[in-house]
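The values are calculated or read from the model by the stated rules, or taken from the named source; none is laboratory data. Keep in mind it's a predicted model, so treat the numbers as computed, not measured. Neighbour counts run over all protein chains shown; Cβ positions are idealised from the backbone, glycine included. What goes into the accessible areas is simple: the full protein's heavy atoms, side chains included, and nothing from ligands, DNA or RNA. Shrake-Rupley method; radii C 1.70, N 1.55, O 1.52, S 1.80 Å.
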Amino acid sequence: MNRSTVGRFPSVTLGFGEDTEEEKEQPKENNAQKENACQQWLRKVCRCCHPKSNEDDNAETLVTGSTTDLDKEDEKNDRKPVTTDIDINGNRHIGEVVLFMKANKVPDFTLSYIFVFTELLLKVRSINLMKSKSGENRTEHHTNRYHGDDFVIRRGQNFQLWITLSRPFNPNTDKLHLELKTGPLPTVSKETHVIIPLVEALEGNRWEAAVVAQDDKRLNLSVNSSPSAVIGRYQLTVETNCANGPASFTADPANDIYMLFNPWCEGDTVFMDSEDVRQEYVLNDVGRIYYGTENQIGARTWNYGQFDNGILAACLYILEKSGTLPSGWGDSVNVVRIISAMVNSPDDQGVLEGNWSGDYSGGTSPTAWSGSVEILKAYHKNKGSPVKYGQCWVFAGVVTTVLRCLGIPCRPVTNFNSAHDTDVSLTTDVYLDENLEPIDHLNADSIWNFHVWNDCWMARPDLPPGNGGWQAVDATPQETSQGSYRCGPASLAAVRNGQVYLKYDCPFVFAEVNSDKIYWQKNANGTFTQIYSEKKTVGHYISTKAVGSDERNDITDLYKYPEGTEEERIAVETACRYGSKASAFSSSKAEDVSVEVTMDGQGPTMGNDAELTITLRNSSSEKRTVTLNSQAVVMYYTGVPKATVRKHTVEVDVPPKSETALDWSLEYKDYKDQLVDQAALMLTLSGRVRETQQVQATQFSFRLRTPDLIIKASKTPIGKAVVGEKTAIEISFTNPLPQVLKAVTFNMEGLGLLTARKIKYGDIGSRASVSLTEYFIPTLPGPRKLLASLDCKQLTQVHGVTDITVEEKSNASSVGRSEQGSTIYGSISNDFCF
């Protein structure tokens with residue numbers, strides 16, 4: 001290289017050949033620069049253009065040409081000095097530095113043009129969330145009806161985005177991840193600060209992102225979110241790193257992500273498996289609310305308007321104003337409880353102020369409202385000032401809007417002859433004096449002509465199995481719950497069976513729909529005696545709008561057994577044991593009969609009849625006769641019942657000091673068309689001992705075991721596992737069902753063994769056995785696990801796993817125990833959380 005073209009700087013040595021004498025004139029400054037010399041030099045001579053910063057875009061190596069000769073050449077040709085567009089600090093240019101140096105007559109060296117050879121930091125120039133209403137993201141997430149340009153998606157579901165970078169992404173040297181933050185104090189441990197890693201292959205049911213396409217500087221990312229993610233508004237940032245250091249893309253409100261609950265995601269607690277009911281209870285923005293009396297039922301149309309412009313913002317504002325921590329907003333039970341409290345206003349300045357006085361001069365009469373939109377917008381616009389006025393159907397209409405907007409299936413429910421129990425007696429009490437005249441100051445309980453509340457749909461992992469599904473929630477301020485005016489969510493299954501000890505607020509809801517009306521007369525000594533009871537007064541024609549039509553749907557059977565039946569009386573008596581007036585019901589004379597359900601071995605298997613044993617034990621010295629009711633239901637693994645598949649009643653004699661065993665079975669034909677994932681069922685027993693009136697009740701959860709996939713070394717000569725060498729394994733399976741499995745797919749994957757592979761096998765005949773051999777080339781040595789699963793419409797939850805020891809190529813190949821002929825079966829845990 002001609003050294004005459006190499007500039008001389010006071011503080012940098014470029015390393016082109018030997019130093020000249022002129023270069024050696026600056027030993028002190030040269031020795032001071034150990035790394036990033038050009039950056040430090042530029043900061044020294046031009047601090048305004050190149051300030052010291054931790055956000056430098058470049059690490060530069062500078063080569064200069066003499067400006068003396070070049071400027072003269074420019075002047076001769078009547079040209080202005082040429083400047084370059086290469087960035088120094090993201091928005092400053094080399095030319096500006098040159099002009100600054102010339103203007104300030106930088107001494108001690110010949111001013112030179114600067115040519116920069118740079119390795120830029122990897123910076124994000126822009127993000128495209130693909131948030132068009134007609135685009136794939138919002139269409140697939142069923143959020144395309146939300147007004148506005150906000151990016152609204154549902155948790156537990158994949159979405160796509162494009163990122164434009166400052167240069168092409170090199171997966172070998174560059175790193176990139178996304179970060180989402182929500183709430184005032186985002187924290188990783190609280191899941192309000194989410195770090196989304198870039199992975200090679202998406203697995204699902206977790207936060208993760210993968211590159212699915214690259215177009216020069218543009219990356220197309222496919223992102224999965226957790227089905228339990230906190231809902232709300234997230235700020236999105238992108239963090240990058242490369243050899244020259246990290247860079248961050250500052251959050252832009254235009255890129256905020258609004259995350260909702262997802263009834264379409266099986267991993268979400270609010271999952272519903274029917275598209276018709278999702279359309280009705282999540283996406284329908286108009287409905288009907290019932291009122292009147294049981295003999296004169298009226299209906300009115302209500303505009304929920306959950307997709308209207310500004311409603312999502314208002315709903316999130318309600319959550320924020322509640323003062324609860326965003327870390328709890330991923331729990332559907334907690335969110336419903338918050339909304340129940342915040343839609344009324346007595347203790348938290350919530351959305352609506354209730355008024356039953358008949359004087360509505362300070363606001364709007366409750367009967368004048370025809371929808372929720374105006375109410376919610378007014379509340380948000382007035383910064384949380386309660387809107388006047390509401391009564392039960394208005395509270396229920398607003399709750400429906402808010403929960404549907406947030407993604408929780410919800411419907412308004414009207415109960416005719418609805419009791420209001422004020423003393424947790426689980427009865428509606430009427431007090432009379434000695435002359436049978438009402439004692440007004442004691443008669444706090446009441447029965448309303450009608451009362452409207454809400455049902456919302458969710459799993460209840462906080463309750464025993466079988467209590468998921470519809471939950472009652474009531475925002476009308478009647479009684480406090482844990483210090484606030486709210487009610488629910490109360491499991492309808494628990495209410496129906498009188499299990500009032502289960503949270504939340506089951507005693508109050510039970511009393512609303514199934515309390516007995518009891519009359520008490522005052523005695524001369526001031527005590528009261530029960531003189532009469534009415535058992536069929538409360539809870540009639542419980543109504544909601546039908547799915548897909550404007551017809552009224554009577555759902556009384558979800559809240560209570562038919563009036564007067566043995567099951568209904570058992571539920572009432574069970575509930576009232578936990579009330580403040582348990583003595584109102586005669587207790588049994590003895591507690592000497594017990595019931596137990598057992599199964600043989602590991603339990604029933606798929607494709608066969610399910611057989612259990614019910615054992616009744618009599619510890620008394622007299623014979624006992626038990627009327628026993630049994631009911632079997634198919635459940636989702638979350639505990640939400642799907643369908644009743646068998647009901648039976650039997651009368652059993654139990655000899656004294658003895659036990660009687662009953663064989664109980666459920667035939668394959670009864671459950672085959674109803675089973676869902678995990679093949680879970682629950683048997684509920686209830687009964688009464690004739691001689692003592694003792695009540696018996698128990699529930700027993702079980703599942704139908706599916707067969708395992710058997711994975712073992714192939715019998716071919718290439719069954720060994722060695723890095724870089726072709727390996728074979730064999731998968732075998734026997735269809736347990738007396739029917740053909742259609743369109744069977746096998747899935748395989750193993751870290752260090754093979755990436756996820758999908759094998760479309762086809763049909764497998766009834767009770768048929770199949771096997772297939774698959775080949776792969778291990779990439780990593782050491783102990784590895786190979787996983788396989790089978791999936792088809794008729795049968796799920798079939799999988800297997802085997803251990804494989806992969807040897808280095810240079811060593812003698814060896815295969816783990818399972819590869820040497822010892823089969824390791826797919827592990828099927830019995831500890832499912834229903």
Problem - Those residues of region 750-807 which are touching a Ser or Thr at 6+ places or on another chain (Cβ under 8 Å), among the polar types (S, T, N, Q) and open to solvent by 30 Å² or more (accessible area, probe 1.4 Å), in sequence order - result: Ser769, Ser771, Thr773, Thr796, Gln797, Thr805
Handout entry: Scope region 118-143; condition surrounded by fewer than 17 Cβ atoms within 10 Å (Cβ to Cβ) and in a loop (DSSP other than H, G, I, E, B); matching residues
Key = Met130, Ser132, Lys133, Ser134, Gly135
Practice task
Could you pull out the residue among Ser361, Ser365 that is at pLDDT below 95 and open to solvent by 50 Å² or more (accessible area, probe 1.4 Å)?
Solution key: Ser361
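Is it fair to say Ile710 is over 25 Å from Ala571 (Cα atoms), touching a residue at least 40 places away in the same chain (Cβ under 8 Å) and buried (at least 21 other Cβ atoms within 10 Å of the Cβ)? Outline the logic, then answer.
Values: over 25 Å from Ala571 (Cα atoms): yes; touching a residue at least 40 places away in the same chain (Cβ under 8 Å): yes; buried (at least 21 other Cβ atoms within 10 Å of the Cβ): no.
When the stated conditions are applied, Ile710 does not pass them.
Report yes if Leu283 is at pLDDT 95 or above and surrounded by fewer than 18 Cβ atoms within 10 Å (Cβ to Cβ), otherwise no.
On the way: at pLDDT 95 or above: yes; surrounded by fewer than 18 Cβ atoms within 10 Å (Cβ to Cβ): yes.
Criteria met by Leu283.
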Completion exercise
How many residues of region 497-531 are acidic (Asp, Glu) and out of contact with any Ser or Thr (no Cβ under 8 Å at 6 or more places or on another chain)? The answer is 0
Practice task
Considering only residues that are acidic (Asp, Glu) and modelled with pLDDT under 95, look in region 319-358 and name the one that is least open to solvent (accessible area, probe 1.4 Å).
Solution key: Asp348
Exercise for the section: State whether the residues of region 307-318 include one that is open to solvent by 60 Å² or more (accessible area, probe 1.4 Å) and under 20 Å from the mean Cα position of the chain (by Cα). Expected result: no
Handout entry: Unique residue being open to solvent by 10 Å² or more (accessible area, probe 1.4 Å) and in contact (Cβ under 8 Å) with a residue 40 or more places away in the chain when the list is Thr422, Thr401, Thr427
Key = Thr422
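For region 330-361, give me the residue count where each residue is hydrophobic (A, V, I, L, M, F, W, C) and either touching a Pro at 6+ places or on another chain (Cβ under 7 Å) or without any contact (Cβ under 8 Å) to a residue 24 or more places away in the chain (or both). First the steps, then the outcome.
Of region 330-361, the ones hydrophobic (A, V, I, L, M, F, W, C) are 333, 335-336, 338-339, 341-343, 351-352, 356.
Checking the rest, the ones that are also either touching a Pro at 6+ places or on another chain (Cβ under 7 Å) or without any contact (Cβ under 8 Å) to a residue 24 or more places away in the chain (or both) come to 333, 336, 338, 351-352.
Total meeting the criteria: 5.
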Practice task
Would you confirm whether any residue within region 563-586 is under 29 Å from Asp276 (Cβ atoms) and surrounded by fewer than 14 Cβ atoms within 10 Å (Cβ to Cβ)?
Solution key: no
Fill in the blank from the handout: Counting only residues in region 535-561 that are open to solvent by less than 50 Å² (accessible area, probe 1.4 Å) and assigned to a strand (DSSP E or B), the one nearest to Asp276 (Cα to Cα) is identified as Lys545
Practice task
Answer yes or no: is there a residue in region 717-730 that is basic (Lys, Arg), surrounded by 14 or more Cβ atoms within 10 Å (Cβ to Cβ), in contact (Cβ under 8 Å) with a residue 60 or more places away in the chain and closer than 30 Å to Thr613 by Cα.
Solution key: no
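Of everything in region 229-265, what is of a type in the set (Gly, Ala, Ser) and under 16 Å from Asn158 (Cβ atoms)? Give them in sequence order.
Of all residues in region 229-265, those of a type in the set (Gly, Ala, Ser) come to 229, 232, 243, 245, 247-248, 251, 254.
Across region 229-265, the qualifying residue is only Ala229.
Test Gln530 against the criterion of being modelled with pLDDT under 90, touching a Leu at 6+ places or on another chain (Cβ under 9 Å) and surrounded by 13 or more Cβ atoms within 10 Å (Cβ to Cβ), and give yes or no. Before the answer, list the steps.
Numbers: modelled with pLDDT under 90: yes; touching a Leu at 6+ places or on another chain (Cβ under 9 Å): no; surrounded by 13 or more Cβ atoms within 10 Å (Cβ to Cβ): yes.
Spelling it out, it is not the case that Gln530 is modelled with pLDDT under 90, touching a Leu at 6+ places or on another chain (Cβ under 9 Å) and surrounded by 13 or more Cβ atoms within 10 Å (Cβ to Cβ).
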